[in-house]
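Here's the structure, in structure tokens; my notes come after.
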Amino acid sequence: MSVTIANLQRTLKIIDSSKLFQGAVIAVIVISALLIGAKTHDLPKHLVDLIGILDVSITVFFAVEIVIRFLAAEKKPEFFKKGWNIFDTIIVIGSLIPDGGSGVLLARLLRVFRVLRLVSMIPELRMLINALLKAIPQMGYIALLMFVIFYIYAAIGSIIFHDINEFLWGDVSVSLLTLFRVATFEDWTDVMYETMSVYPLSWIFYLSFIFLTAFIFLNMMVGTVLEVMSAEHELERASSHGESAEEGEPASRAQVDALQQQITQIQQMLEQQQNKPQ
């Protein structure tokens, strides 16, 4: 009995790790995304019925796929220790909710989120999402500093430009929205020229704000994400080659150190050969 179970698990593991099976899952996810978009159009009844049949088939396929992945895992409790496995399981279970009844809205929303399963199936996309999640704490401090700058400029703008256009500068809350419009370059020159007609030097207010937000803080955000992505890429490469990246040391640096050590040993051997008496 145990031999049969072991053979079944081995077979399911081969199926789960095969490129053909993974390609089929990705293809079904793409088809599911197309069906979600098709449902938003006004289609003939026969197409609606066909989409319904395909949707049920996709739901059954995803349920079978998650069962295969679970049974193929060597240690079943560790299967749910991975966040992506939990995410896929929730999406699949949610897709099993029937369209009728009070859960129709929840069922439709979870079917929309099935498209995100594409991220869990492609390692490169998983690495991008993991890097983004790890960068959020650092980005939070940058966002906090940006909010402080926004608030200061909003208060100044509300005090100075309140009488020029109350709709744009009536209070701090409205001024924050106006500054967000300026920061995203949405017709910001119209706002600037309006205040410049009363305060000719008000361009300093806008240019300094854009320089801080659109240039400095945005580049800090991008730099933070790129730094974390680079670290994730090095860790991924180290794990794929069976190397260790202890103490946060990149795998490439470890390779360089090992190569330098080998070169030093070769140099010592050559020196010993040269120093031997003829």
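Per residue of region 62-72, what does 6.51 cos²θ - 1.76 cosθ + 1.60 with θ = phi - 60° give for ³J(HN,Hα)? Whole Hz please, x for Gly and Pro, Karplus curve as stated.
Result, ordered by residue: 5, 5, 5, 5, 5, 5, 4, 5, 5, 5, 6 Hz.
Ignoring ligands, DNA and RNA, please state the percent of accessible area on region 126-236 from carbon and sulfur, probe 1.4 Å.
Carbon-and-sulfur percentage of accessible area, whole number: 72.
With all protein chains present, how much of the accessible area of region 1-121 (probe radius 1.4 Å) comes from carbon and sulfur, to the nearest whole percent?
Ligands and nucleic acids excluded, carbon and sulfur give 74 percent.
Considering all projection directions equally, how large on average is the shadow of the alpha-carbon convex hull of region 126-236, in square nanometres?
Average projection, Cα convex hull of region 126-236: 7.3 nm².
Over region 1-121, give the accessible area per residue in Å² for a 1.4 Å probe, as an integer.
63 Å²
How long are the three semi-axes of the equivalent ellipsoid for region 1-121, computed from the Cα gyration tensor as the root of 5 times each eigenvalue, in whole Å, largest first?
The answer is 30, 15, 13 Å, longest axis first.
Per residue of region 220-233, what does 6.51 cos²θ - 1.76 cosθ + 1.60 with θ = phi - 60° give for ³J(HN,Hα)? Whole Hz please, x for Gly and Pro, Karplus curve as stated.
Using θ = phi - 60°, the values come out as 5, 4, 4, x, 5, 5, 5, 5, 5, 5, 4, 5, 5, 5 Hz.
In whole Hz, with x marking every Gly and Pro, tabulate ³J(HN,Hα) for region 9-23 from phi via Karplus 6.51 cos²θ - 1.76 cosθ + 1.60, θ = phi - 60°.
The phi angles translate into 5, 5, 5, 5, 5, 5, 5, 5, 8, 6, 5, 5, 5, 5, x Hz.
Using a 1.4 angstrom probe, figure out how much accessible area region 126-236 has per residue, in square angstrom, rounded to the nearest whole.
60 Å²
How many nm is it between the label spots at residue 143 and residue 56, if each spot is 7 Å from the Cα in line with the beta carbon?
The modelled label-to-label distance comes out at 4.3 nm.
Between residue 189 and residue 159, what FRET efficiency comes out of the Förster formula 1/(1 + (r/R0)^6) with R0 = 25 Å and r the beta carbon distance, rounded to 0.05?
0.70
Could you list the residues of region 137-160 with an amide nitrogen less than 13 Å from a label point located 7 Å from the Cα of residue 199 in the Cα-to-C-beta direction?
Only 153-160 fall inside the zone, counting backbone N under 13 Å.
Which FRET efficiency value, to the nearest 0.05, do you get for residue 124 and residue 268 by plugging their Cβ-Cβ distance into 1/(1 + (r/R0)^6) with R0 = 41 Å?
For residue 124 and residue 268, the calculated efficiency is 0.45.
For region 159-200, what log10 I(q)/I(0) values come out of the Debye formula at q = 0.20, 0.33 1/Å, with one point per alpha carbon and no solvent?
Here log10 of I(q) over I(0) equals -0.56, -1.21.
I need the calculated FRET efficiency for the pair residue 180 and residue 20, taking r as the beta carbon distance and R₀ as 51 Å, to the nearest 0.05.
Rounded to the nearest 0.05, the efficiency is 0.60.
The values are calculated or read from the model by the stated rules, or taken from the named source; none is laboratory data. Remember, predicted model here, so these are calculated numbers, not experimental data. Here Cβ is always computed from backbone atoms with ideal geometry, including for glycine, and neighbour counts include all displayed protein chains. With ligands, DNA and RNA removed, areas are computed over all heavy atoms of the protein, side chains included. Shrake-Rupley method; radii C 1.70, N 1.55, O 1.52, S 1.80 Å.
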